[in-house]
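Just below is one structure, and these are the notes that go with it.
Each reported figure results from applying straightforward, stated rules to the coordinates on display, with no laboratory input. In this text the structure is predicted, and so the values were computed from the model without any measurement. So basically every Cβ, Gly included, is an ideal-geometry build from the backbone, and we count neighbours across all protein chains shown.
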């Protein structure tokens, strides 16, 4: 860790904040952290930095020596987060004085607002761009509920949990008899959540819903990139594809195969490894496939919940424009028109929803429907009709028939819950099934319908590349396939320097690539490279 | 002067009818004197079932309107049958664009579709409005009666002694003869198809299927290079064109708001799409957003929230103070239509009120007449108002970067320049540059552009600023 980095982190430390009042709400559904608000919250990262700045640093040495903690986690998490992970600068990038893009957005969004309006003091921005100190609140949000620190952004506790109990217990609990590590490690995920407030991010469903709440949006939590924000200059959110994001983000976590403690546990007690850590041998199940399946369904669920929430705001309310396919409207008018020549699914002239949210789930559901489990088949087979109901309702009127779309979106969100529950227990993504899933993704990637939507192509390409090449030593071909995608995720893992790559710094290149996407060229090259 | 701006918009029009309108015949019984309420409405606006229509062959005798000298008096039919695009309106229903449109709309052939025929032919023979009646002369396209009124009642009268002694109102109310010399009636009549009306419209579904957008501006349409006129204007310029521009603005606005009322009424009954996207500014949404055009640096949004498309920017941009009345009910409607969610019933009521306000103005123009002599000072004031309307009060930015707003201002200045002829030589080059800056790109690589893809807000701002500076230098402020 550089001296500069240490200073940045040290400055970020502000101690423990205690927010009074506990709001308990109904669970938002499977896969999301429970909504209980901890009595005592701690959000700064200084405590984390002390031990997670490298296995050989003074703060970590005794854990490495006494507990072999470096075989359970990586112990360099804080360095990775600080130097490479854009979450660490999530707040800084919305400070107008520090980011030209923020200044531009400020200049647009301040019109018609009070004279002291600032985007870095707008709770609509802070819900995702700062560590939220009261994330379970459904009340109008207050400025003091957000950390708003330049060097914190979305910090450790923003994802792992604000609860001070786990933050102490995970290293301080005495070792249980016969073990050489804090007893906390082997508590069940449910206990860790319920009694300590640690979010179970090893569970793909919990993880995906947490990520999706910002990367797809969650109006119920005040987390939405609205059309107004986009119009002011917010970069487009790329399709959220869990394993691809995991691979392209700077990983401060390890896959089970990389962590000796988990690898060993898988061998000695596979059941416990699965129940406590969602860890399986890659020979038994592809973690990428599970992340892909769960992540895609979680994204779809987040999108459906977002739709329903926006329409639920008032009678006859429409979804925010940002829920629809941006490029259905946002294109120059040119003759010949590829859209007019291709025809329309419903009435022409009605903006469709974002296509990408359903393409991979469609593949995942169809694959599951082909498995032998009867109850799983029944659930999985319901996808097509439910998505069709959503799209029909969305096209029944411009921006959707509010009543029908609300019902259809809620119905599909419930289906997502049912399906996530079903694949939790009824599906094992064995290497053979993973290969089938990859083949199906490859076929969909070059499907005529998919090729009309560059975001869908990007999503499927990421999904396919992640899946088909997981564990294979053919990185060059995998990278060549990823290079075909109309959207490129920055490889922050390999980035040099001690500052994360921000979206603003790569935006022009990203959009130019997107603009220049040629479906026919993609199809030709994809078929050759994938060999499908 | 070349008036090439928006050439892409002046193209054959396919129209449709969503629902047959049930409005009563506005002229009522031929013997009835106009009521007070009628006087608050302009006359000359034909509704459906207005009378019995005849084929153009009734007009084409060589000693009537069909001599062999196109462009001459007596050669009206010949001129029309030559290169008048109205004559070709039916034929375009068979072309590839029309075929694809109807496939996209999942409807039958365009040339059999009553909704298309409403504007692409005279589809009103024998009162069988909207139905396919054997024997109609559909192939004539938009022929004489479409603009001059259903001729059965006046065909045998209009050449007789005494016809010229009738007033325009009498000709219309007694014989359904469309008073085309009256600029109010003419503008309203053109706008029925070129803007839309209760019984005919081009909505966003139809546009998305492939129909060109409609963007009517009366003065430009009158002086388009490829439109051979078969008549001579009574009024000389500059009076004619400037008054036509002014009346045309209000008439088009009246028609588009009446269309909004009709759409909203139908939407209330779940018989039409709502919101109707063609009510919004096309290029607010239809622009490539993958590259930053940075237009906000050079212009504002005319009060709109970010991410919101303006309502009917094309037709409302020039309802500016000093130039035309304030039209308070139109202003109320604009406020309403800026909301995120609009109840169609509320919109319909507000629109009807606005139509009443505009009708009263148009009727007043018909009753009072209008001054036709345009002094240099009056024309200069027009230019000043138009130029300043395009700029913010401090003149450092465009008031609105919406292309429709800017193009309407450019067209208005072009109308003044064209009307003044040589008297505008000093500043006309700036207007021409403005038109060029806003023009759609020329065809390239087999593509025809229907968007102002590369319009540069900075250039447009500088040209308006230069026009303003030139006026100031001449003391016209």
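Extension gain, residue A:518 to residue A:384: 0.36 nm times the residue separation minus the Cα-Cα distance gives 45.4 nm.
Taking 0.36 nm per residue of separation and subtracting the Cα-Cα distance, what length does fully extending residue A:258 through residue A:139 add?
38.6 nm
With a 10 Å Cβ neighbour count serving as the proxy for reagent exposure, in which order, fewest first, do A:223, A:61 appear? All intermediate terms of the calculation are to be shown ahead of the outcome.
Working: A:223 22, A:61 14.
In order of increasing Cβ crowding within 10 Å: A:61, A:223.
With each label modelled as a point 7 angstrom along the Cα→C-beta vector, the residue B:322-residue A:447 pair spans 6.0 nm. Inter-chain neighbour count for A:333-343: the average number of beta-carbon atoms from partner chains within 10 Å of each residue's beta-carbon is 6.
Ranked highest first by average number of other Cβ atoms within 10 Å, how do A:413-426, A:511-524, B:327-340 line up? Intermediate values should be presented prior to the final figure.
Values: A:413-426: 19.0, A:511-524: 14.8, B:327-340: 16.9.
Result, highest mean Cβ count within 10 Å first: A:413-426, B:327-340, A:511-524.
Segment A:131-209 and segment B:144-183 have Cα centres separated by 84 Å.
Annotation: for a label point projected 7 angstrom from Cα along Cα→Cβ of residue B:346, residues of segment B:271-290 with backbone N closer than 17 Å are B:274-276. Counting Cβ atoms of other protein chains within 10 Å of each residue's Cβ and taking the mean over peptide B:297-309 gives 4. Taken along the Cα-to-beta-carbon direction at a fixed 7 Å, the label points for residue B:72 and residue B:339 span 6.2 nm.
Please give the length that would be gained between residue A:61 and residue A:377 if that part of the chain were fully extended, namely 0.36 nm times their separation in residues minus their C-alpha to C-alpha distance (nm, one decimal). Could you put the intermediate results ahead of the total?
On the way: separation 316, 0.36 × 316 = 113.76 nm, distance 5.06 nm.
108.7 nm is the gain from fully extending residue A:61 to residue A:377.
Exposure proxy shown here: for B:265, B:161, the number of other Cβ atoms within 10 Å sets the order, fewest to most, as B:161, B:265.
In chain B, helical runs assigned H by DSSP with n ≥ 4 each contribute -39500 (n - 2.57); averaged across all residues and rounded to the nearest 500, the mean residue ellipticity at 222 nm is -12500 deg cm²/dmol.
Contact order, relative form, for segment B:130-197: 28 percent (alpha carbon pairs under 8 Å, 6 or more residues apart, mean separation divided by residue count).
Relative contact order (percent) for chain A, with alpha-carbon contacts under 8 angstrom and 6 or more residues of separation? It rounds to 15 percent for chain A. Residues A:364, B:92, arranged from fewest to most other Cβ atoms within 10 angstrom of their Cβ, appear as B:92, A:364. Placing dummy labels 7 Å off each Cα toward the beta-carbon, the span from residue A:477 to residue B:436 is 5.6 nm.
Assuming R0 = 30 Å, can you tell me the calculated FRET efficiency for the pair residue A:98 and residue A:493, based on Cβ-Cβ distance, to the nearest 0.05? Please list the in-between numbers first.
Numbers: r = 25 Å, r/R0 = 0.83.
Once rounded, the FRET efficiency stands at 0.75.
Sort out for me the Cα centre separation of segment B:366-418 from segment A:395-472, rounded to whole Å. Each part's Cα centre sits 54 Å from the other's. With a Förster radius of 30 Å applied to the beta-carbon distance between residue B:227 and residue B:112, the computed FRET efficiency rounds to 0.60. Peptide A:325-332 has a mean of 5 when you count, residue by residue, the C-beta atoms of other protein chains within 10 Å of its C-beta.
For residue B:443 and residue A:330, what is the calculated FRET efficiency with R₀ set at 22 Å and r taken between the beta-carbons, to the nearest 0.05? Please list the in-between numbers first.
Working: r = 23 Å, r/R0 = 1.02.
Once the sixth-power term is evaluated, E becomes 0.45.
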